[in-house]
């Protein structure tokens, strides 16, 4: 498996090319890490295409069965398990939803958002 930084470099290059073609929000997994790229989208308000393209919610709970329920989506986790959700718009009124900046890429491994992999020595 190539180093995480090398994989991120490839995903970043692809994302930059895709942004030139139009809104480019995507989630990609290479089997080891998940890359979430936020760009822009139509917000349905007549103001055109603009950021944010994606929002993320990171949730972790020590409760025996942590639940996330929103409009037909239900996610259950065990004790001390986390989850990260990505969506075009926040699925709930939870204040923890964070918009991704235009061109921002998050790297996830497990249910954890990794720090920038430039410090990764893998």
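The values are calculated or read from the model by the stated rules, or taken from the named source; none is laboratory data. Nothing here was measured: the structure is a model prediction, and the numbers come from that model. Every residue, glycine as well, gets a Cβ built from its backbone with ideal geometry; the counts of neighbours run over all protein chains shown.
Remarks
- Residues that are modelled with pLDDT under 75, surrounded by 11 or more Cβ atoms within 10 Å (Cβ to Cβ), part of a loop (DSSP other than H, G, I, E, B) and on the phi < 0 side of the Ramachandran plot within segment 68-110 comprise just one, 81.
- Sole exception among (1) touching a strand residue (DSSP E or B) at 6+ places or on another chain (Cβ under 6 Å); (2) over 26 Å from residue 40 (Cβ atoms); (3) at pLDDT 75 or above for residue 60, by number: (3)
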